[in-house]
Protein chains: 2
Amino acid sequence: MNRDAALANLAIVLVRPKNPENIGSAARIALNMGIERLLLVGEHLPERELMAKTATHNAAHLLDRIEVHRRLDEALADFSVIVGTTARHGRLRMVETNPRHLAETLAPLLKSNRAAVLFGPEDTGLTNDDLKFCHMVSAIPTADFSSLNLAQAVAIHCYELYYGLCHAKIDAGTYPQLANSHELESMHLYLEGALRSIDFINDKNRTYWMTNIRRFFGRKRLSSKDANIVRTICKKILLHHKGANSIDPGDP
Amino acid sequence: MNRDAALANLAIVLVRPKNPENIGSAARIALNMGIERLLLVGEHLPERELMAKTATHNAAHLLDRIEVHRRLDEALADFSVIVGTTARHGRLRMVETNPRHLAETLAPLLKSNRAAVLFGPEDTGLTNDDLKFCHMVSAIPTADFSSLNLAQAVAIHCYELYYGLCHAKIDAGTYPQLANSHELESMHLYLEGALRSIDFINDKNRTYWMTNIRRFFGRKRLSSKDANIVRTICKKILLHHKGANSIDPGDP
């Protein structure tokens, strides 16, 4: 596999980081590890000077190319593989991995898909609402004491991804083009509408069922075509039950 | 192998770090990765407050246990395996490794030896004079752009050492007790004296030959007994040639 092509499909997404220095540090380590796409979810990019110190001169140009999004769903729209990072193990019913195995998992997928690795704020990490977009979560193995600095967590992940992609043995077969986050979110919206229309879910049990359904589909790695089939069936259910106009959740 | 026993034989040595925040960061990541021995080579420990911010509350107790040494040779006296870290490849005629292979190499050695991993100052890295104590150097693989932050370099090394020691498969055999740095330095002192006494080395070629000899013995991993044999032979040469009293380099 072409390592550089795989690295070009990888992005680091910093979700609401509090400390501008950590953005600079992330830019520096990402560039060191051949990852040049950096996204920030937040109101705006902090003052350049506050980030530039830790980015150092060499990585400063990356700061000018950071993609800023107010909403996580917008940031993730064109990514097909979304990885959350967390310090906590076993709390989530998601595919759990660690940076080393993540690199092995992503290597074949990056042939034809864009992947985003998400890092949450320094104090709280990613929320459940952030994690709902994720197809798997990666936790860095640590001794009993587990509290990694944001910049260090980014460093260890970038290092493992780079190292893993340098050494990955991927056969020449074709790898599936997975649905991107935009297509999946649209599918989930129709799915929720359809499940409401048949009174399977309501405001009380919505979070429980939608979380489980998201994780189920997350594990299954749907292609664009798969997602479209599910979406079309749900649309039909909605049309059949109540007439599409009144409850169409919108076609994002 | 007992992972915790191996980790207890590992130490991180920060050589003349400029930024106290990096000492705090190093303490935090070391503790996360089960490494609790931290040494500082420098005039004195910076103000606690400057380090504590990045160490965070959890790793603060490690700051009180940092061992401070003015001289690197003193810091390293009781270590038998000494690893330098560098961003530059191929410049040195030393055993070169990377953090992943380093963990594999150290795993069996840590059964009966103390190992120190050295990190140089943020701006210049370890000098040749620092590296002369090292038996191998480890460089983090990076893309073309290579300029890692000190705290990130410490993070990646600690992570790999912890991960490697958690997964190392070491058979139950005995592993050699290697000479420690104090014994090796004493040996080198007598060796230099002996080689001078036979006019093999002089002030002009001293650095060249002693560097090569150090690297040769560094690769060979001498036991305490080996080092003592070499030292005793050199002492005999010195005695034989000129009489020990006049040129005895001192018995450290």
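Residues with amide H under 5 Å of B:ASN19's amide H, sequence separation 5 or more or different chain, H placed in the peptide plane at 1.01 Å from N; which?
Correct list: B:GLU122.
Quick check on chain A: helices-only [θ] at 222 nm, where DSSP H runs of length 4 and up contribute -39,500 (n - 2.57) each and the sum goes over total residues. Nearest 500, please.
Counting only the DSSP helices, I get -15500 deg cm²/dmol.
Calculate how many DSSP beta bridges within the protein assembly as shown are antiparallel, expressed in % of all such bridges and rounded to the nearest 5.
Percent antiparallel among DSSP bridges in the protein assembly as shown is about 5.
Using a Gaussian network for chain A with springs between C-alpha atoms less than 10 Å apart, which of these wobbles most: A:LYS236, A:LYS132, A:LYS111?
A:LYS236
Distances from A:HIS61 to the same position in the other copies: list them in nm, one decimal, shortest first, using label points 7 Å from Cα along Cα→Cβ.
So the distances to the same position in the other copies read 4.8 nm.
Just to be sure I understand: of the beta bridges DSSP finds with both ends in the range A:3-167, what percent are antiparallel, rounded to 5?
Roughly 0 percent of the beta bridges in the range A:3-167 run antiparallel, per DSSP.
Need one number: the % of Cα-Cα pairs in the protein assembly as shown sitting beyond the 46 Å mark.
24 percent
How are the Cα pair distances of the range A:5-74 distributed, in percent, across 10 Å bins from 0?
P(r) for the range A:5-74, in whole percents per bin: 23, 57, 20, 0.
Label position 7 Å from Cα toward Cβ: report the copy-to-copy distances for A:ALA8 in nm, one decimal, ordered from shortest.
Output for A:ALA8: 5.2 nm, nearest copy listed first.
Rounded to a whole number, what is D in µm²/s for chain A from Stokes-Einstein with the Kirkwood radius over alpha-carbon pairs (4 °C, 1.567 mPa s)?
Rounded to a whole number, D works out at 68 µm²/s.
Where along chain B is the Cβ that lies nearest the axis linking it to chain A, and how many Å separate them?
Axis relating chain B to chain A; nearest Cβ residue and distance: B:ALA155, 3.
From the label point of B:LYS236, set 7 Å along Cα to the beta carbon, how far off in nm is each other copy's matching point, shortest first?
9.4
Compute the separation of the alpha-carbon centres of the range B:1-38 and the range B:54-125 and state it in Å as a whole number.
Cα centroid to Cα centroid, the span is 9 Å.
Each value in this text was obtained by applying a stated rule to the coordinates, not by laboratory testing. Please read these numbers as outputs of a predicted model, since none were measured by experiment. Note: ideal-geometry Cβ built from the backbone for every residue, glycine included; neighbour counts use all protein chains shown.
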